[in-house]
Amino acid sequence: MYLCIAKKNAYRWLGLSAMFVLISLVIVSGSVEGAIAPHKSESAGNPVIRLETDPASAKIGETVITQVYADNLSSPGLSGWQVSIQFNPSILEIDDISYGTDLFSTGRQDVVVLPIRADLVGQVLFGQLAAPVSAGNPGPDGATGSSLHLATIQWRGISEGESDLNLSGEIAKLRDINNQALAPVDLINSHVGIEALSACDMYNFNADDSINIIDVGMVAARWMDDDLYDVMFDVAPQNAPDGVINITDIAVVASRVVTSCAL
């Protein structure tokens, strides 16, 4: 019961209701877990929300990771944040969003704002609150440091092209334990390039030095066999598996026989 009351107070404290109104307006207008090594921002002085993407380029179907950091945070420390990231939905899709633990390094409670996604227009909003440990007690202090890890976004490339990853200046917020906005906040955006798959990426199934009769045979062995179906061999139409391996898939691979895949 106490936890429910604390969380209710925490949401009121951060003013999340205003945030949900704001994201609704944005949507209507169309507008990995693990240890994370911190990196200092080039911006000195102001608090910073920073996106850092690695790798900065990948091929269709591969994963790209963006880390979200907050930099240059001093006493009384950070206890809440929210961001909205705009991306190109024809190039990228979101596989997963996970949250960092740096915000709770001082012992405050975790209250996560689940992502609000508008995939069709390429926008996602999410955030986190480090609530007080007890009702009416503002302590302990919020998290401080040169670089705090806030979240990890896992993207997947779905088509060839470029996508900016832009933080919305109207929505990006950092707040201290007194519910005071840290301002001004500098924003550092990111960028991803997705490359098309080569014939060797798609049809050299045994990863040797060429596309050859062995690769054709690996597809033919699954011809019209539901028990042996594997989406990797369902190569036609390209990038749009139709759920069956048939003569069209075999012909596509056969047409690439003798293609060299040697490095």
Sort through Ala251, Ala220, Ala199 and tell me the only one that's in contact with a strand residue (DSSP E or B) (Cβ under 6 Å, 6 or more places away or on another chain) and either modelled with pLDDT of 90 or more or not assigned by TED's automatic domain parsing to the domain that holds Ile97 (or both). Ala199
Asp164 is checked against (1) assigned to a helix (DSSP H, G or I); (2) in contact with a His (Cβ under 9 Å, 6 or more places away or on another chain) and fails just one. What number does that condition carry? (1)
So, of the residues in segment 121-149 that are at pLDDT 90 or above and not in a strand (DSSP E or B), which turns out to be farthest from Pro89 (Cα to Cα)? Val121
Report yes if Asp119 is more than 24 Å from the chain's Cα centre (by Cα) and within 25 Å of Val231 (Cβ to Cβ), otherwise no. no
Quick check on segment 220-234. Is at least one of its residues over 30 Å from Ile91 (Cβ atoms), surrounded by fewer than 14 Cβ atoms within 10 Å (Cβ to Cβ) and under 31 Å from the mean Cα position of the chain (by Cα)? no
In segment 140-157, how many residues are among the β-branched types (Val, Ile, Thr) and either at positive phi or over 23 Å from the mean Cα position of the chain (by Cα) (or both)? 1
Can you go through Ser98, Ser105, Ser43, Ser90 and tell me which one is modelled with pLDDT under 90, more than 22 Å from Gly169 (Cβ to Cβ) and in contact with a strand residue (DSSP E or B) (Cβ under 9 Å, 6 or more places away or on another chain)? Ser105
Set Ile36, Ile60, Ile23: member being closer than 16 Å to Ser147 by Cβ, assigned by TED's automatic domain parsing to the domain that holds Ala172 and modelled with pLDDT under 95: Ile36
Which ones in segment 240-263 are in a loop (DSSP other than H, G, I, E, B) and surrounded by 13 or more Cβ atoms within 10 Å (Cβ to Cβ)? Pro241, Val244, Ile245, Asn246, Arg256, Val257, Cys261
Leu182: passes all of (1) loosely packed, with under 14 Cβ neighbours inside 10 Å; (2) touching a Pro at 6+ places or on another chain (Cβ under 6 Å); (3) within 30 Å of Val48 (Cβ to Cβ) but (1)
Please state which one of Ser84, Ser75 is assigned to a strand (DSSP E or B) and either of a type in the set (Phe, Trp, Tyr) or surrounded by fewer than 20 Cβ atoms within 10 Å (Cβ to Cβ) (or both). Ser75
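The values are calculated or read from the model by the stated rules, or taken from the named source; none is laboratory data. Small disclaimer: the values here were computed from a predicted structure and weren't measured. We place every Cβ from the backbone using ideal geometry, glycine too, and count neighbours over all the protein chains shown.
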